[in-house]
1. Quick check: pseudo-label points 7 Å beyond the Cα along Cα→Cβ at ASP364 and ASN110, how many nm apart are they?
2. To the nearest 0.05, what FRET efficiency results for GLU34 and ASN212 with a Förster distance of 41 Å applied to their C-beta separation?
3. With r as the distance between the Cβ atoms of GLU250 and THR18 and R0 = 41 Å, compute the FRET efficiency 1/(1 + (r/R0)^6) and round to 0.05.
4. Against the 2.2 N^0.38 Å scaling, with N counting residues, where does region 1-60 land? I'd like the Cα-based Rg ratio to two decimal places.
5. Excluding ASN264 itself, what net charge comes from residues whose Cβ is under 15 Å from its Cβ, given Lys and Arg +1 and Asp and Glu -1?
6. For region 191-312, what Kirkwood radius comes out of the mean inverse Cα-Cα distance, in Å?
7. Can you tell me the length gained on complete extension of the stretch THR226 to LYS3, counting 0.36 nm per residue apart and subtracting the Cα distance?
8. With a ≥ b ≥ c the root eigenvalues of the C-alpha gyration tensor of region 117-262, is it rounded (a/c under 1.5), prolate (a/b larger than b/c) or oblate?
Amino acid sequence: MRKKTQLIHGGIVGDEQTGAVSVPIYQVSTYKQEAVGKHKGFEYSRTGNPTRFALEELIKDLEGGVAGFAFGSGMAAITAVIMLFDAGDHVILTDDVYGGTYRVMTKVLNRFKIESTFVDTSNIENVKQAIKPNTKAVYIETPTNPLLKITDIAAVSKWAKDLGLLTIVDNTFSTPYWQNPIGLGADIVLHSATKYLGGHSDVVAGLVVVNNQKLAEDLHFVQNSTGGILGPQDSWLLMRGIKTLGVRMEEHEHNTIKIVSFLNNHPSVKKVYYPGLDTHPHHEIAKKQAQGFGGMVSFDVGSGEKADQLLEKVKYFTLAESLGAVESLISVPAKMTHASIPADRREELGITDGLIRISVGLEDAEDLIEDLKQALED
Ligand SMILES: *Cc1c(COP(=O)(O)O)cnc(C)c1O
């Protein structure tokens, strides 16, 4: 089954009992047992719910894994995955991971003695050098936010596998439509489904897929024990969003390519960050491991003042955190998502005051370009 077909026909489709073509919302907490322990596969909705299960089967199929899990947010999903480890275990992570991932590792899970080291995983040598006797996993995010750096998933996974380490990939930016980390050798893939998978800025959710039965059992145990599950209504909304993921991702990318080309030729724009550009330092790896370059682009307008001016003047780009929705969103990482990083470290990383990140939506690309054009005029 090809990707676009799988988005519609993957997982569990419709309802056997009534013929309904959409999976019903099982708004229920408990299930009748014929005798003690004799039931139809569901006992209590924290442990399993038919609507959530349909979504979990769908994401499992889309990522090509063994089992899927749906959580109440991307952070709940990430936390549950890290809870597979024990006190004293060490994880190597991408240095510009999502801010919430950095926070949970360094301010919450560190209190349970999970150790972490953050390195630029786009160069595998940095990953190799960070290994310690208690290292259990490499956690990569690719592409990253906001500079869209790319890590070679296959190379890291192979190295990790040889040493008995797990490879975990945050696949939020690419989505399973463009990139399948399990096929490249990763053990666990996870998503903030709040972004492209939901796609309409109306659901907060997290999804995880694992590549073997042991991990499936262990993660189900954590999910059922800690309880950060996704409710049936949101599971249904997410399935609805996923049905159109293919057409949305194609269109996000078409629009983005036009905008990137406009920005690249604009005299006020100092630098454009997009993995689809052949001048992007990781363009070749991006091309090799993903089928598309996505709808996120960052660009530098040279100063904080110029960035403020642009934000004030744009009409179709909503100033907001988050990404991956039908409406175009704009943000200034230095003042928003990355404000907690010290200014000199930010400069070093390239996250300057003039850096703008946009999540290109599904409006007409010509309107978006005209809007950026008038906003960039002095
Ligand atoms: C948003 C995001 C998260 C966190 O997900 P929530 O659904 O907001 O909890 C994790 N990783 C990436 C890459 C994200 O963009």
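Computed from the coordinates by the stated procedures, all read-outs in this text should not be read as laboratory data. What you see is a predicted model; the values in this text were computed from it and never measured. Ideal geometry is used to build each Cβ from the backbone, glycine not excepted, and the neighbour counts take in all protein chains shown.
1. Taking the simple label geometry, ASP364 and ASN110 are separated by 5.1 nm.
2. Taking R0 as 41 Å, the efficiency between GLU34 and ASN212 is 0.80.
3. For R0 = 41 Å, the calculated efficiency reads 0.80.
4. The reported ratio for this selection is 1.29.
5. Numbers: positive: LYS258, LYS270, LYS271, LYS373; negative: ASP278, ASP300.
Charge balance in the 15 Å sphere: +2.
6. So the Kirkwood estimate lands at 17.5 Å.
7. Values: separation 223, 0.36 × 223 = 80.28 nm, distance 3.29 nm.
Once the chain is fully extended between THR226 and LYS3, it gains 77.0 nm.
8. Oblate, because a/c is 1.5 or more while a/b does not exceed b/c.
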